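Have a look at the structure below before the remarks.
Where a number appears in this text, it was derived from the coordinates with a stated rule and is not lab data. This is a predicted model, so every value here is computed, not measured. A quick note on method: Cβ atoms are made from the backbone with ideal geometry, for glycine too, and the neighbour counts reach across all protein chains shown.
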Amino acid sequence: MNKIRVHIEDIGGKIAKQDERYVVKDNTALKNLVVSSTALNPGKHTSGHRHAGQEEVYYFITGSGRMQLDDDMFDFTAGDVILIADDVFHKVYAGDDGAYFVCVFDGSRNH
């Protein structure tokens, strides 16, 4: 089995999405999991979405802001890990310092 090593600040892969809000990169080197990073600009937010049949883990590396899971809103800071269950709506709102987070999800990108 080949080992693939990446750094938390650059997970490798290719740009999946990019606009004035953020840059999203996906590393699809594994068969069943995608490792994705999002550099969210200050005061911006993700589109928000849900996935039927797909769980996610978000690990906030830098920055702070607010996270929405369905109807719940809460603050996050660097170092927080958020577990997102199957079919839960989720959206990230960056604070004044922006936010950089890495997420891992099973399967292919469907958002």
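Just a few scattered comments:
- Between Ala52, Ala99, the distinction of being part of a loop (DSSP other than H, G, I, E, B), of a type in the set (A, V, I, L, M, F, W, C) and within 28 Å of Leu30 (Cβ to Cβ) belongs to Ala52 only.
- Of the listed requirements (1) buried (at least 16 other Cβ atoms within 10 Å of the Cβ); (2) more than 23 Å from Glu20 (Cβ to Cβ); (3) touching a residue at least 60 places away in the same chain (Cβ under 8 Å); (4) not aliphatic (A, V, I, L, M), Phe101 misses just one: (2).
- Scanning region 22-59 for residues that are free of Cβ contacts under 8 Å to residues at least 40 places away in the same chain and within 13 Å of the chain's Cα centre (by Cα) yields Tyr22, Val23, Val24, Lys25, Asn27.
- Scanning region 79-111 for residues that are closer than 24 Å to Lys14 by Cα and either over 12 Å from the mean Cα position of the chain (by Cα) or of a type in the set (Gly, Ala, Ser) (or both) yields a total of 7.
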